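Structure record follows, encoded as structure tokens.
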Amino acid sequence: LKCAASRQFFICGLNGLAAQSGAGRMARLDVLDVNEHGRKRGPLAWMWAQWWLITLGWWACSIMIIEALKNAHNKLWLSVFGNLIVGWPLVAPLALCHSCDRIRYHMEKLLLVALLGGVEMNLGNLSLYHIGPALGTAMNGFNIVFTFLVASLLGADDAGYTCVTSLQCFSCRNVLLLFAMWTLVAGGLVTALLGNDSWDSTSTGVVLKLLSSMAYAFRVTFIKLLFGNNEPEVHKVAVPRPSKFQLAFFANPMVGLIALGLTPVCEPTFVMPAALPIAVVAGCGTLILVFESRLTELTSPLTVAVLAAAHNILIVLWFHFKDNEALSTAQIIGFGITTLGSLLYLLSKNLPERGYSSDKWRFPTCESSSSDESEESDFECNDVDLESSTASNFSCSAASSAASGVAGRRAPPP
């Protein structure tokens, strides 16, 4: 390790590293760069920790993708080329520059999240062949309901867990949370009921749309369980979490492969998409997944679902001012209700939280002398020797447990 004279490096597990060096092995470890004033953080690290900046990036990429898909008649083939043929090789260098030990250890979880993402996207697109636009708009509210239930039952949302498992839904915070959630659902229903779009549907289309919403709920919940919270302890674990680009390395080809399997049924005639839409889908599709994963890590699955519902307003306003698309009275009323629901949800998140506090993401950790946030950037390429890192972290975890016992605090689980 090269140490600058003006910096101090606090390395967790020095004893474990010394034991490994006796066998002639050297390990590159992620260290905490802390000076006397606390952690030094660059502008990119600061931006990566701001949920509102990540939300703006996510929404901007969504608008660009919809622009690319708006006039495309071969959407499945565009997904095949954008996600599989171009998007996969594009994200590969960014994913493989991180330690491959992370991929090997989290392989099953990454494949599961990728499979759910591919199923969600393609089933949602396929359902539009069987249901009308109005019903599709109304059923988008199920994303919020299913996300609340799945995240609560699996322990990915503290407030929802308290409400569902302990039946403590009558506190001020939980009542406002539930009211905000159903207000957001009502916004989509009002837009569909007052509009002039078709309600034509079949049972197949309804089932496909519901399955797509369920896949969405499980996907964002599993992303939260995979990446955990934005806490200092989570990063200093025996097996580091995968990067967001490593998740995209599995998700991009999965979306393309499922779309390729649906082409014989929905788009049997091959049409080569234009180069610009392919580039937009490949680049912005990857960034959307990265931003969405980071936003889930910083907030909660339900917050991401609420922001996904709210960003539809921005998309409609974009095309209204850009292409002079008319706004109907139903859309204005529905979007007003959705905006109200989003504000109520924001208010509920700012109320003091009482009761159950989940420890779902507290992995075996090493104590640090700094309480500042420790977040490894997904844009940095670091190789970690998994075996050496594991020995160091377990050594430090044992010392931390002893210290925690002396201090009267509960030691982290082994």
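General remarks:
- Search result, residues across region 290-309 that are open to solvent by 10 Å² or more (accessible area, probe 1.4 Å) and not in a helix (DSSP H, G or I): 299
- Those residues of region 318-342 which are surrounded by fewer than 13 Cβ atoms within 10 Å (Cβ to Cβ), hydrophobic (A, V, I, L, M, F, W, C) and touching a residue at least 24 places away in the same chain (Cβ under 8 Å), in sequence order: none
- Subset of region 109-151 [polar (S, T, N, Q), closer than 30 Å to residue 176 by Cβ and open to solvent by less than 10 Å² (accessible area, probe 1.4 Å)]: 147
- Candidate set from region 205-233 (those that are at pLDDT below 85 and out of contact with any helix residue (DSSP H, G or I) (no Cβ under 8 Å at 6 or more places or on another chain)); member that is nearest to residue 329 (Cα to Cα): 231
- Taking helices (runs of 4 or more DSSP H) as the structural unit, those lying wholly within region 114-224 and holding at least 3 residues that are within 30 Å of residue 88 (Cα to Cα) correspond to 142-153.
The values are calculated or read from the model by the stated rules, or taken from the named source; none is laboratory data. What you are looking at is a predicted structure, and each value in this text was computed from that prediction instead of being measured. Counting neighbours? That spans all protein chains shown, and the Cβs are built from the backbone with ideal geometry, glycine included. Ligands, DNA and RNA are excluded from the accessible area calculation, which covers all protein heavy atoms including side chains. Shrake-Rupley method; radii C 1.70, N 1.55, O 1.52, S 1.80 Å.
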